[in-house]
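What follows is a set of notes on a single structure, which appears directly below.
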Amino acid sequence: MIDRSAHAAKHLCLGNPFFFFFLTELGLIYIQASVCAAGDSAAYHRSSVYRDDVVIVAAYRTPLCKSKRGGFKDTYADDLLAPVLKALIEKTNLSPSEVGDIVVGTVLAPGSQRASECRMAAFYAGFPETVPIRTVNRQCSSGLQAVADVAAAIKAGFYDIGIGAGLESMTANPMAWEGSVNPRIKTMAQAQNCLLPMGVTSENVAQRFSVTRQEQDQAAVESHRKAAAATASGKFREEIIPVATKIVDPKTGDEKPITISVDDGIRPNASLSDLGKLKPVFKKDGTTTAGNSSQVSDGAGAVLLMKRSVAMQKGLPILGVFRTFAAVGVDPAIMGVGPAVAIPAVVKAAGLELDDIDLFEINEAFASQFVYCRKKLELDPEKINVNGGAMALGHPLGATGARCVATLLHEMKRRGKDCRFGVISMCIGTGMGAAAVFERGDCVDDLSNARKIETHNLLSKDSR
Amino acid sequence: MPLFKTPFNGYSVKFSPFYEHRLAVATAQNFGILGNGRLHVLDLSPGPISEIAAFDTADGVYDVAWSESHDSLLVAAVADGSVKLYDLSLPPASNPVRSLHEHTREAHSADYNPVRRDSFLTASWDDTVKLWTVDRPTSVRTFKEHAYCVYSAAWNPRHGDVFASASGDCTARVWDVREPGSTMILPAHEFEILSCDWNKYDDCVIATASVDKSIKVWDVRSYRVPVAVLNGHGYAVRKVKFSPHRGSLIASCSYDMTVCLWDYMVEDALIGRYDHHTEFAVGVDMSVLVEGLLASTGWDELVYVWQHGTDPRAP
């Protein structure tokens, strides 16, 4: 074996071939990192506050309104985005010139036009010309992608304060394909499947994983019930920014000013029997109906992110911490399974396990895929979309991610210390899934005597 | 501040957690390659450094650790593989109070559990880490997973069951003594890792020091990229140590004969460089009881004790 002098000599000979010889002789190979096998990864980070954490100090959204018929049918897209951007600045007293970048997730509108609209919206919201803005399109998770992009840029040190937002007016920009389709797609099933209407992919999921009509309608009823309860108890008041706009009477053509402050797609009295009467839309003997699909809506959301050190310096309350983000790819023909792949990936990347997560916002693009993902991951229904989802509230594609951040973090704030980690996830058209992990921000709970504590979770799971 | 000349080459220094004026020094003859060893306990009271006790060993002493439960108890890691316990309150003839022979090769580091205070770890060139308690004649457990010499093992400052080890197999591992195997493998460097330590203020941050001349700071929750890479030493980094007083402060010593202080949270991380040694600097420690008090030793047979910001060589 090696004698002691060789040891010190070896420490000094960086890159000496002798050293590698030793390694190979002893059969040493580069050892891959393995994920914590202790089962309780959370044990090592019960109290972690880093100055370079990316934190969310504010997250707001507009009400979500039915497209073409709802409250925003006569509202321009930039007038949807401007109020939420403005609210971030006003409610935090931040100087808008300090914002390093604004990233807006937006899907259906023509790219360059929407980018210009966003720039205009920033001006309407009171941002100076020195603050840049850009758009990002990852289909249904664009809003979440925007937040993740800003978090990544802050981590990278490009700037310290940024805004991730989402915007969609499905009234102004309905889903459509422009121009001709390249005939080459016939040569490749996966490419061809990218053109499937989303509803057909939903039928595929329902059929392949045998999700029944009954289960789907039940999920829709639950979504409406929870959303109605949340609205009635005023839970959304913390996250919704009322939008002053106009509405045109379709018969008389009269224009009248109006302030929209509640979501208008929720049907509190939705019932299984009513939903059961609806006809399937995409397939004759299918299961996907207008009632158990997400609603087509208009809306916007915005999230203000910054380094923790900056937030502390400014004395801003910390709503949540952005932990990590993951996007994955799945079969385009069953794009709805995205969350079932993305959630485990993101939870693993955060060094957590599924049962460490206390709250989920999983986008209900279709009841079929939502129910499938819930069952596949064996998640507790009590933890998912506690304030309803897209079937009741609506799914303005680009805005949904930012909307979920606002809904999740405000709910986590209400729940206090018992709710430490939250996950947002959604499926993405053309076969992808995205998910992000958030952690509750403030170390100290709001004073609440009413909150019931089921079990104490001050110690790691090891100690039980 | 004063300095102390040891007859043998210095290997390690440790401040007593009980007395601010007490320092233990591990030394080995002929650079630890061949010959005897001696463990010194020094008194740092104002004036020249005096020796309270010295214990001779048949082989070099590579490391020493103070007990966290008894002010007079010391653990020495000896090059013949033995682990020896010394009690300052007993006469020299009764010492060592215990000599534990289990490691089959050089014992290279010792660390006393700061949370439970009843047990300690030793890391050895026989590729293992052993867990001992003071009252048992044999080790409680042997942790054998590393594929090459283990140079250091350090307890987590908050979790009494968690420790980290640094090895020549280019990995650092995190262990939980309640688990059968290591709970995390960190392929931290491309070259041998000589030392590791936990942040005393954040129980998921760990620093590793390597032959590749760098110190890396890791967050065990997201270990794919280091939180910080501290470059500045000219040769292999021999020891790394987090400050007991400031969460982001790190001390290190290196074969480049310098002791460096770093703040891993700021961009210009290197905040101090002391080049008082004239041979390899192999031991460094920061006092828990006096903020900013540093001690170092090296193969130049000298022990320096000084306040951060002052010149170690100043009389």
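The values are calculated or read from the model by the stated rules, or taken from the named source; none is laboratory data. Only a predicted model underlies this, so the values are computations on that prediction, with no experimental measurement involved. Here Cβ is always computed from backbone atoms with ideal geometry, including for glycine, and neighbour counts include all displayed protein chains.
Quick notes on this structure:
Matching residues to (1) under 25 Å from residue A:190 (Cα atoms); (2) modelled with pLDDT of 95 or more:
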position	(1), (2)
A:337	yes, yes
A:340	yes, yes
A:348	no, no
A:386	no, yes
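- Residue match in region B:177-189 (condition: without any contact (Cβ under 8 Å) to a residue 24 or more places away in the chain, farther than 27 Å from residue B:143 by Cα and within 11 Å of chain A (Cβ to nearest Cβ)): no
- The set of residues in region A:157-174 being more than 21 Å from the chain's Cα centre (by Cα), hydrophobic (A, V, I, L, M, F, W, C) and over 21 Å from residue A:130 (Cα atoms) consists of A:172 alone.
- In region A:186-234, residue nearest to residue A:296 (Cα to Cα) [restricted to those that are crowded, with 18+ Cβ neighbours inside 10 Å and touching a Ser or Thr at 6+ places or on another chain (Cβ under 6 Å)]: A:199
- In the set (1) modelled with pLDDT of 95 or more; (2) loosely packed, with under 14 Cβ neighbours inside 10 Å; (3) small (Gly, Ala, Ser), the condition left unmet by residue B:89 is number (1).
- Assessment of region A:140-151 against the conditions (within 20 Å of residue A:327 (Cα to Cα) and more than 15 Å from the chain's Cα centre (by Cα)) yields no matching residue.
- Residue in region B:236-248 that is more than 16 Å from the chain's Cα centre (by Cα) and buried (at least 23 other Cβ atoms within 10 Å of the Cβ) present: no
- Filtered by the rule that a residue be more than 14 Å from every other protein chain (Cβ to nearest Cβ), of a type in the set (Phe, Trp, Tyr) and farther than 24 Å from residue B:91 by Cβ, region B:10-55 gives a lone residue, B:15.
- Within region B:131-151, residues that are in contact (Cβ under 8 Å) with a residue 12 or more places away in the chain and within 14 Å of another protein chain (Cβ to nearest Cβ) sit with their Cβ atoms under 8 Å from residues that are of a type in the set (Lys, Arg) and surrounded by fewer than 20 Cβ atoms within 10 Å (Cβ to Cβ), at 6+ positions apart or across chains, in these pairs: B:149/B:105.
- Residue check for residue A:296: surrounded by fewer than 23 Cβ atoms within 10 Å (Cβ to Cβ), under 23 Å from residue A:137 (Cα atoms) and in contact with a Gly (Cβ under 9 Å, 6 or more places away or on another chain): yes
- Among residues of region A:5-17 that are under 15 Å from residue B:34 (Cβ atoms) and within 7 Å of chain B (Cβ to nearest Cβ), those with a Cβ under 8 angstrom from a residue that is assigned to a loop (DSSP other than H, G, I, E, B) and at pLDDT 65 or above, sequence gap 6+ or separate chain, pair up as A:5/B:33.
- Residue in region A:350-373 that is on the phi > 0 side of the Ramachandran plot and either buried (at least 24 other Cβ atoms within 10 Å of the Cβ) or charged (D, E, K, R) (or both) present: no
- Looking at region B:159-224, the strands (runs of 3 or more DSSP E) lying wholly inside it that each contain 2 or more residues that are out of contact with any Phe, Trp or Tyr (no Cβ under 8 Å at 6 or more places or on another chain) sit at B:172-176, B:215-219.
- In region B:14-68, the residues that are part of a strand (DSSP E or B), of a type in the set (A, V, I, L, M) and touching a residue at least 40 places away in the same chain (Cβ under 8 Å): B:23, B:24, B:25, B:26, B:28, B:39, B:41, B:42, B:61, B:64, B:65
Yes or no, residue by residue, for (1) touching a residue at least 12 places away in the same chain (Cβ under 8 Å); (2) among the basic types (Lys, Arg); (3) facing another protein chain (nearest Cβ under 10 Å); (4) under 18 Å from residue B:110 (Cβ atoms):
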{"residue": "B:194", "(1), (2), (3), (4)": "yes, no, yes, yes"}
{"residue": "B:205", "(1), (2), (3), (4)": "yes, no, yes, no"}
{"residue": "B:212", "(1), (2), (3), (4)": "yes, no, yes, no"}
{"residue": "B:222", "(1), (2), (3), (4)": "no, no, yes, no"}
{"residue": "B:229", "(1), (2), (3), (4)": "yes, no, no, no"}
{"residue": "B:234", "(1), (2), (3), (4)": "yes, no, no, no"}
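- Residue within region A:248-260 that is within 23 Å of the chain's Cα centre (by Cα), in a loop (DSSP other than H, G, I, E, B) and more than 30 Å from residue A:206 (Cα to Cα) present: no
- Members of region B:232-257 that are of a type in the set (A, V, I, L, M, F, W, C) and under 14 Å from residue B:199 (Cβ atoms): B:240, B:242, B:249, B:250, B:251
- Those strands (runs of 3 or more DSSP E) lying entirely in region A:91-177 with at least 3 residues on the phi < 0 side of the Ramachandran plot, in contact (Cβ under 8 Å) with a residue 12 or more places away in the chain and crowded, with 24+ Cβ neighbours inside 10 Å: A:101-105, A:161-169
- Flag if residue A:192 is free of Cβ contacts under 8 Å to residues at least 60 places away in the same chain and part of a helix (DSSP H, G or I): yes
- Residues satisfying the stated conditions in region B:250-292, i.e. within 14 Å of chain A (Cβ to nearest Cβ) and over 19 Å from the mean Cα position of the chain (by Cα): B:263, B:264, B:265, B:266, B:267, B:269
- Taking the numbered list (1) away from every other protein chain (no Cβ under 14 Å); (2) without any contact (Cβ under 8 Å) to a residue 24 or more places away in the chain; (3) under 24 Å from residue B:134 (Cβ atoms) in turn, residue B:104 passes all entries but (1).
- Residue within region B:199-220 that is polar (S, T, N, Q), within 14 Å of residue B:129 (Cα to Cα) and crowded, with 19+ Cβ neighbours inside 10 Å present: no
- Candidates B:60, B:32, B:81, B:47 - the one that is touching a helix residue (DSSP H, G or I) at 6+ places or on another chain (Cβ under 7 Å) and either on the phi > 0 side of the Ramachandran plot or modelled with pLDDT of 95 or more (or both): B:32
- Any hit, region B:36-59, residues being under 14 Å from the mean Cα position of the chain (by Cα) and crowded, with 24+ Cβ neighbours inside 10 Å: no
- Residue in region B:168-176 that is within 11 Å of chain A (Cβ to nearest Cβ), surrounded by fewer than 24 Cβ atoms within 10 Å (Cβ to Cβ) and over 24 Å from residue B:261 (Cα atoms) present: yes
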